[in-house]
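To keep things clear, I will list the structure first and then write my remarks on it.
Throughout, read-outs are computed from the coordinates displayed, never taken from laboratory work. The structure displayed is predicted, hence computed values, not measured ones. Note: ideal-geometry Cβ built from the backbone for every residue, glycine included; neighbour counts use all protein chains shown.
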Ligand SMILES: *Cc1c(COP(=O)(O)O)cnc(C)c1O
């Protein structure tokens, strides 16, 4: 049996803030305020501040965080929502929930985020066809780095479309010092445990800047509640952020800036050691990534992963099958000319261990194993 290094060392973070986490959890249990307790409001204020947003609103997970604004804007059948195919299921799934049409867009082959040129082509295609109304764009901060918001925002605004930053992996990332909400109408976060800002269960949040939208989202995430608790102004859902998770996240957010710094140092060490032997990740000019994943490209991915596993190094593939190739999504239009960068990335990407506590001997073991596998 080889001794495996962790893919994400959540235990190291737990060790660092154990006493504070335990006190927060106990405090919620003793208080009895399990649903929308004061920790939720406190966290929302701190999330908004950290992400330079007008407001933050907690919800049950990062998937609902994208669905709720689409519902608030009345996205419906006949609407086209432009989404990269190289993403996690949620980004496309929520569009289908609204009965709207996903339109798949390609990525930049070096950044893995939405290619603005491909977005332009996809809009042209939809307009020429005339069946669907261009309604919204969902850009994804893939692997933690900001999408090309200045360009994507210009394109979306010119067509009167809404823009969501799916920042499930990228909360805390910046471009020219600005957070995604500087450009987007809503930026979303996932607190799934493996994300850079992860809870000890499911959770999510929406960041925004328009107070009317804030009020609408507050209502929608508690069953469409009106002025009174049991008066329903609209059809909503139950998607609250759990109080215990909020309490845990207060402690994790307090060290998050330091963790982002540490993740960037780990990424720099990977790049210094590996950029001569494999395709290492690039970050957009002026961007700061949260490094949700450190993703390289290799020719023989199966062989590479087997060689690393033999040395106790876990790897992961995000994502082996792009969304447009999954059966339920095959009916949705793909940009003219297809998705060559998406298809190539899906065959070649592989992610290495990454977290804020990756250094020293553990990182050296990964570096040595990668060099041996491709050497
Ligand atoms: C994780 C993730 C989501 C969904 O978050 P959940 O909290 O698991 O619902 C959405 N989009 C992207 C890009 C993600 O990585």
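Working note: Cα atoms of segment 308-349, range along each principal axis, descending, whole Å: 43, 21, 9.
Taking 0.36 nm per residue of separation and subtracting the current Cα-Cα distance, fully stretching the chain between residue 158 and residue 52 would add 35.7 nm.
Please work out the Cα center distance from segment 244-294 to segment 296-375, rounded to the nearest Å. Centre-to-centre distance over Cα atoms comes out at 17 Å. For the chain, the share of alpha carbon pairs falling in successive 10 Å distance bins from zero is 5, 24, 32, 25, 12, 2, 0 percent.
Rounded to 0.05, the FRET efficiency of the residue 110 and residue 211 pair, given R0 = 35 Å and the Cβ-Cβ distance, is 0.35. Dividing the C-alpha radius of gyration of segment 1-73 by 2.2 N^0.38 Å, with N its residue count, gives 1.51. Segment 115-193 and segment 65-91 have Cα centres spaced 11 Å apart. Give the shape of segment 110-259 as rounded, prolate or oblate, defined through the alpha-carbon gyration tensor: a ≥ b ≥ c are the square roots of its eigenvalues, a/c under 1.5 means rounded, and otherwise the shape is prolate if a/b is larger than b/c and oblate if not. Oblate, because a/c is 1.5 or more while a/b does not exceed b/c.
Rounded to 0.05, the FRET efficiency of the residue 238 and residue 368 pair, given R0 = 35 Å and the Cβ-Cβ distance, is 0.10.
Segment 55-157 has equivalent-ellipsoid semi-axes of 20, 19, 12 Å, by the square roots of 5 times the alpha carbon gyration tensor eigenvalues, sorted largest first.
Between residue 151 and residue 230, the modelled labels are 5.5 nm apart [label points 7 Å from Cα along Cα→Cβ].
The three principal axes of the Cα atoms in segment 250-327 give end-to-end lengths of 39, 37, 30 Å, sorted in falling order. Our estimate of slack between residue 131 and residue 257, defined as 0.36 nm per intervening residue step minus the Cα-Cα distance, is 40.8 nm.
Taking each residue as 0.36 nm, the span from residue 178 to residue 41 lengthens on full extension beyond its C-alpha to C-alpha distance by 46.9 nm. Work out the FRET efficiency for residue 336 and residue 30 from their Cβ-Cβ distance, taking R0 = 51 Å, and round it to the nearest 0.05. With a Förster radius of 51 Å, E is 0.30. Binning all Cα-Cα separations of segment 243-373 at 5 Å, short to long from zero, yields these whole-percent fractions: 2, 9, 16, 18, 16, 14, 12, 10, 4, 0. Once you divide the Cα radius of gyration of segment 1-133 by 2.2 N^0.38 Å, the number left is 1.47.
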